[in-house]
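First comes the structure, then the notes that go with it.
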Amino acid sequence: MTANSESAVAMFLEGYNCAQAVLACCGRDLGLPRETAIRVAQAFGGGLGRTGNVCGAVAGALMVIGVKHSAKDGADSAAKEQAHGLTQEFLRRFRGANGSILCRELLGCDLTTEAGRRQVQEKGLTKTVGAKLVGSAAEIVEALLALPPHVEPQSPDSTQKMVRDAYAEVARKKSRCCDKPRIDKASCCETSDYLVPDHPVPEAELGLSCGNPIAFGQLRPGDVVLDLGSGAGKDVFLAAQKIGPAGRAIGVEMTPEMLQLARRNAVKFLATTGMANVEFREGKIESLPVQDGSIDVVISNCVINLSPDKPQVFREVYRVLTSGGKMVVSDIVLNRPLPAELKADPDLYSSCIAGALQRDEYLAAIRAAGFAKVEVLSDKTYRTVQAGDDPATKDIAQILSDVAASITVLAVKT
């Protein structure tokens, strides 16, 4: 936690409401007097004031953004537009970290009723859940305000275009990110641990993995398997071998060049194995072209971190899984926040670093999608990272050291 978020939690535990704590502690760097912040935020405590059932910590954070960008009557259109963009980004990140922005969903009770308020007191939710939400809101809004003035949060469409362009180039060149210069053998571009020497279609191995979900998937003959962001088809073909002719392995990919490469590789897979149990569909992992409850196992390998809306991805996974179905994904998470200027770096985003969530946020987003059982099966921290062949990343190697980890997560739909 940052100094301001720690101060906000302490102030909240002293008895101030959540909006007062966030606005007072995060607003002080903007020159907002503490007493003014307390007075302004008085009506927003605990979701009981003008915000209705919206978490007061969220209200306090949005007021901080308003103070920063003067988003009020008379403010110029550029300031209002910037405040609106940061507001939407804050809400996206807060939902991703906590699952909702509504008090009744966050606390599991209705604070507009006497029974709900009594339940909060009896369960001690103020000191546990309430304090966590205040700290989360303060930390997120502080990170957003630290963005340089010329850096705007990427829209979902622009983020997906950036990723699509980057991986279209990989598909055209059929180049592995591991073939590019790197600083250290344990960088995020080092995937030798995840290469498959006897792969049925060697051309499908582009060195883009950060884990091995197939090894943890416990795939059974006849399973229907879905791979999110299937690329050239590496894991789809491996899954198809394990589930046999009675099963079905489906890949979803949004990059046309990758999709074409995967379908060419499917012909080679048929020629090598005699199996025709693979399929590649064009689509985005935030809106899967798959029927409800039709998938036994969902896998993904170093892809979800690239999505601009990771909570939506997990909600989609939950939707398409059968009851008792499971998700096994390998992905990149952060051990600590990235500096704001690196968070906005497009090369680091395409290299699976800048768009990654912190570990706790990532796991919380999975649980918020409805998964009851969530387990980390493997966890490997990288010592240094170089984003592709960008020489500029050599200068920030020490900043990036230990910041990212590859994890493999199991989640079961009950």
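Readers should treat all values here as calculations from the given coordinates under stated rules, not as data from a laboratory. Nothing here was measured: the structure is a model prediction, and the numbers come from that model. Glycine also receives a Cβ, built like all others from the backbone with ideal geometry; neighbour counts cover every protein chain displayed.
Things worth noting here:
- Derived scalar couplings between HN and Hα for the stretch 11-20 equal 5, 4, 6, 6, x, 6, 6, 5, 5, 4 Hz in order, rounded to whole Hz, by the Karplus curve 6.51 cos²θ - 1.76 cosθ + 1.60 (θ = phi - 60°), x for Gly and Pro.
- Here the extension length gained between ASP402 and GLU35 equals 128.1 nm, from 0.36 nm per residue of separation less the Cα-Cα distance.
- Amide H contacts of VAL224 (H built 1.01 Å from N, in plane; Pro and chain starts excluded): ARG248, ASP296, VAL297 sit under 5 Å, all sequence-distant by 5 or more or on other chains.
- The phi torsions of the stretch 240-248, fed into the Karplus equation with coefficients 6.51, -1.76 and 1.60 and a -60° offset, translate into couplings of 4, 5, 6, 8, x, x, 7, x, 9 Hz, rounded to whole numbers, with Gly and Pro shown as x.
- Annotation: amide H-H contacts under 5 Å for ARG281 (H modelled 1.01 Å from N, sequence separation of 5 or more, or interchain): GLY251, VAL252, GLU253.
- Sorting 118-129, 228-239, 256-267 by their mean Cβ neighbour count within 10 Å, with the most densely packed peptide first, gives 228-239, 256-267, 118-129.
- Residues CYS26, CYS210 arranged by fewest to most Cβ contacts within 10 Å: CYS210, CYS26
- For CYS55, the residues whose amide H sits under 5 Å from its own are LEU102, CYS103, ignoring neighbours fewer than 5 places away on the same chain, with H placed 1.01 Å from N.
- Ordered by the count of other Cβ atoms within 10 Å of each Cβ, fewest first, PHE12, PHE94 give PHE94, PHE12.
- Exposure proxy ranking, count of Cβ atoms within 10 Å, fewest first, for HIS69, HIS199, HIS84: HIS84, HIS199, HIS69
- Taking θ as phi - 60° and the Karplus parameters 6.51, -1.76 and 1.60, the scalar couplings of the stretch 323-331 work out to 5, x, x, 9, 10, 10, 10, 9, 7 Hz in sequence order, x denoting glycine and proline.
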